[in-house]
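Trainee: Attaching a single structure in structure tokens format; questions to follow.
The values are calculated or read from the model by the stated rules, or taken from the named source; none is laboratory data. A quick note: this is a predicted structure, and the numbers were derived from the prediction, not measured. Glycine also receives a Cβ, built like all others from the backbone with ideal geometry; neighbour counts cover every protein chain displayed. Just so you know, the surface numbers come from the protein's heavy atoms only, side chains and all, with ligands and any DNA or RNA stripped out. Shrake-Rupley method; radii C 1.70, N 1.55, O 1.52, S 1.80 Å.
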Amino acid sequence: MFNLILFGPPGSGKGTQSDRLVEKYGLIHLSTGNLLREEIANKTPLGKEAKKFIDHGQLVPDEVVIGMVDSFFDRHKNVNGFLFDGFPRTVAQAQALDKLLALKKTDIASVLALEVTEQELINRLLNRGKTSGRSDDNSEDVIRKRFIVYTNETSPVADYYKKARKFKAIHGEGSVDEINAALRQAIDKAMANHKD
Ligand code: ADP
């Protein structure tokens, strides 16, 4: 298997790029944000609980997210690999992911991190909020809260993968095609070096 993490702050383009990359490389897209929004749309107990956190720009508790990923794995066996988008977002989630992958006798091949300035991120998110219908993209306060949470809880995940020598920064500004080309170049290199 070849498993990849697309890392980066809210609005950095993970979702847009993931859609293209999973098609190109035949990977399964695992976006915890999308899974949570499906739970909310279906009005499940998990969705109702998660909505309280999401609407305040906070992270959904680790055990909820990890449980959701575990059950996603149960539904997707014998696949080429996964592209993780918006997960892991805490060091505890990264450690849990390593354990779940070890049970499948695989690991993370590479973490590609999209780097975008904060002002550009805010502009993108406010723009997305006009059409996405996402309650967490409408308010600048909630967006700012998500950045604070990202700095405090999610950026340590970058150090976790730097220590494991799996982390690669990618310039995340420019056209969607340019960024996609930079990602593909990094993925092709990681695939050439990966043995599983
Ligand atoms: P973005 O990266 O634009 O913030 P996502 O769709 O990845 O969008 O996530 C939206 C919200 O869902 C997050 O702000 C958070 O509340 C929740 N969420 C998504 N993934 C996770 C996760 N791995 N751990 C905790 N909360 C999550």
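Trainee: Using only alpha-carbon positions, what ratio does the radius of gyration of the stretch 42-196 give when scaled by 2.2 N^0.38 Å?
Mentor: Working: Rg = 16.8 Å, N = 155, 2.2 N^0.38 = 15.0 Å.
Here the answer is 1.12, to two decimals.
Trainee: Hey, can you find the accessible area per residue of the chain for me, probe 1.4 Å, expressed in square angstrom? Walk me through the numbers on the way to the answer.
Mentor: Numbers: 10220 Å² over 196 residues.
Here the per-residue accessible area is 52 Å².
Trainee: Per DSSP helix of 4 or more residues, -39500 (n - 2.57); summed, then divided by the residues of the chain. What does that give at 222 nm, rounded to the nearest 500?
Mentor: On the way: 9 runs with 111 residues, N = 196.
Taken over the chain, the calculation gives -17500 deg cm²/dmol.
Trainee: Could I ask something else about it? Give the peptides 39-48, 19-28 in descending order of average Cβ contacts within 10 Å, highest first. Each step should come with its number before you reach the end.
Mentor: Numbers: 39-48: 13.0, 19-28: 15.5.
Per-residue mean Cβ counts within 10 Å order the peptides as 19-28, 39-48.
Trainee: How would you order 172-184, 83-95, 149-161 from highest to lowest mean count of nearby Cβ atoms within 10 Å?
Mentor: Working: 172-184: 15.1, 83-95: 21.0, 149-161: 16.6.
Sorting 172-184, 83-95, 149-161 by mean packing, highest first, produces 83-95, 149-161, 172-184.
Trainee: In whole percent, and with a 1.4 Å probe on the protein chains, what portion of the accessible area of the chain is carbon and sulfur? Before the final figure, lay out the partial values.
Mentor: Values: 5070 of 10220 Å².
About 50 percent, which is the carbon plus sulfur part of the accessible surface.
Trainee: Express in whole angstrom the spacing between the alpha-carbon centres of the stretch 1-16 and the stretch 140-196.
Mentor: The two parts, judged by their Cα centres, are 6 Å apart.
Trainee: Under 21 Å Cα-Cα from Lys24, which lysines qualify once same-chain neighbours fewer than 8 residues away are excluded?
Mentor: Counting by Cα, and skipping residues close in sequence, Lys24 has these lysines nearby: Lys14, Lys77, Lys168, Lys189, Lys195.
Trainee: Students often check this: by mean Cβ neighbours within 10 Å, which of 59-72, 131-144 ranks highest, and how do the rest follow?
Mentor: Working: 59-72: 16.8, 131-144: 15.1.
Highest mean packing first, the order is 59-72, 131-144.
Trainee: Taking the Cα centre of the stretch 1-129 as the origin and placing charges on Cβ (Lys, Arg +1; Asp, Glu -1), which of Ala109, Gly67, Ile122 is farthest toward the positive end of the dipole?
Mentor: My answer, from the dipole projection, is Gly67.
Trainee: Taking a cut-off of 20 Å between Cα atoms, list the lysines near Lys52, but don't count ones fewer than 8 places away on the same chain.
Mentor: Lys43, Lys145
Trainee: Can you list the residues of the stretch 61-93 with backbone N under 13 Å from a point 7 Å past the Cα of Arg134, pointing along Cα to Cβ?
Mentor: So the set is 85-87.
Trainee: I've got another one for you. Quick one: dipole size for the stretch 74-196, taken about the Cα centre, charges +1 on Lys/Arg Cβ and -1 on Asp/Glu Cβ, in debye to the nearest 20. Numbers along the way, then the final one.
Mentor: Details: 21 positive and 18 negative charges, 117 e Å.
Here the size comes out at about 560 debye.
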